[in-house]
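Enquirer: So that we are looking at the same thing, I have put the structure below in structure tokens.
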Protein chains: 2
Amino acid sequence: MLKVIAQDFIKPEALEIVRPLYQELVALTRQEPLCISYDLHVDQKDPGHFVFIETWPDRAALDAHCATEHFRRLVPQINAHQRAECTFILMDDF
Amino acid sequence: MLKVIAQDFIKPEALEIVRPLYQELVALTRQEPLCISYDLHVDQKDPGHFVFIETWPDRAALDAHCATEHFRRLVPQINAHQRAECTFILMDDF
């Protein structure tokens, strides 16, 4: 099982623009047959710091997610409003 | 609901020392009545980068966790082997 933490850093003036994009991304990703969990959170200290916690069966499933129509359409729209590069941590269970 | 990501950075030579400490911390924390989830992961790119993903009902429950005997006994033993300061992100659901 593969656990992923993906962190986005969005400009303060774009928070209302990205909100529906994130909503659509979460809804469509959860419909992917290989998606085990895909939850989005917001840092209590920084409303522009968005944190995905994801569970996939393996790396191939994550790669398939990154190749979906919704990912390739929505992520660049979100990233257009970033104030810093996204970060990713791929993890195994302890 | 409160989601927490806590990240530890352990010196390479101490990985086998901290392993049983983490095992005990996870086992005892999961027995806390207010613990919803408490999962430990390891960065695929860095075997000394340990990542807790935690779910608590609220901040008071997290504070109670940090005041337990097992937390106050085990965390300083783990931190004695850190190569960088721990980091914490407290998050709300999107």
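Enquirer: Scanning segment A:70-91 for residues that are under 29 Å from B:Glu54 (Cα atoms) and open to solvent by 70 Å² or more (accessible area, probe 1.4 Å), which turns out nearest to the other protein chains (Cβ to nearest Cβ)?
Expert: A:Phe88
Enquirer: Could you say which residue among B:Lys3, B:Lys45 is assigned to a loop (DSSP other than H, G, I, E, B), within 10 Å of chain A (Cβ to nearest Cβ) and either among the charged types (D, E, K, R) or open to solvent by 80 Å² or more (accessible area, probe 1.4 Å) (or both)?
Expert: Numbers: B:Lys3 fails: assigned to a loop (DSSP other than H, G, I, E, B).
Just one listed residue meets the conditions, B:Lys45.
Enquirer: Also, quick follow-up: Name every residue in segment B:10-42 that is basic (Lys, Arg) and buried (at least 18 other Cβ atoms within 10 Å of the Cβ), in order of residue number.
Expert: Here is the first cut: in segment B:10-42, the ones basic (Lys, Arg) are B:11, B:19, B:30.
Selection gives nothing.
Enquirer: Got a sec? Which of B:Asp63, B:Asp39, B:Asp8 is closer than 30 Å to A:Gln23 by Cα and modelled with pLDDT of 95 or more? Explain how you work it out, then say what you get.
Expert: Working: B:Asp63 fails: closer than 30 Å to A:Gln23 by Cα; B:Asp8 fails: closer than 30 Å to A:Gln23 by Cα.
That would be B:Asp39, the only listed residue that is closer than 30 Å to A:Gln23 by Cα and modelled with pLDDT of 95 or more.
Enquirer: What are the pairs with Cβ atoms under 7 angstrom where one residue, in segment A:10-29, is more than 17 Å from A:Cys66 (Cβ to Cβ) and the other, located anywhere, is among the aliphatic types (A, V, I, L, M) and in a helix (DSSP H, G or I)? Sequence gap at least six, or different chains.
Expert: Cβ pairs passing all conditions: A:Ile10/A:Val18; A:Val18/A:Ile78.
Enquirer: A follow-up question, please. Within the group A:Glu24, A:Glu32, which residue is charged (D, E, K, R), farther than 19 Å from B:Asp43 by Cβ and assigned to a helix (DSSP H, G or I)?
Expert: Numbers: A:Glu32 fails: assigned to a helix (DSSP H, G or I).
Only one candidate qualifies: A:Glu24.
Enquirer: Being more than 23 Å from B:Glu16 (Cβ to Cβ), touching a residue at least 40 places away in the same chain (Cβ under 8 Å) and either assigned to a helix (DSSP H, G or I) or of a type outside the set (A, V, I, L, M, F, W, C) (or both) is the filter here, so list the residues in segment B:66-94 that pass it.
Expert: Across segment B:66-94, the qualifying residues are B:Thr68, B:Thr87, B:Asp92, B:Asp93.
The values are calculated or read from the model by the stated rules, or taken from the named source; none is laboratory data. If you're wondering where the values come from, they're calculated on a predicted model, not measured in any experiment. A quick note on method: Cβ atoms are made from the backbone with ideal geometry, for glycine too, and the neighbour counts reach across all protein chains shown. Accessible surface is based on the protein model in full, side chains and every heavy atom, while ligands, DNA and RNA are left aside. Shrake-Rupley method; radii C 1.70, N 1.55, O 1.52, S 1.80 Å.
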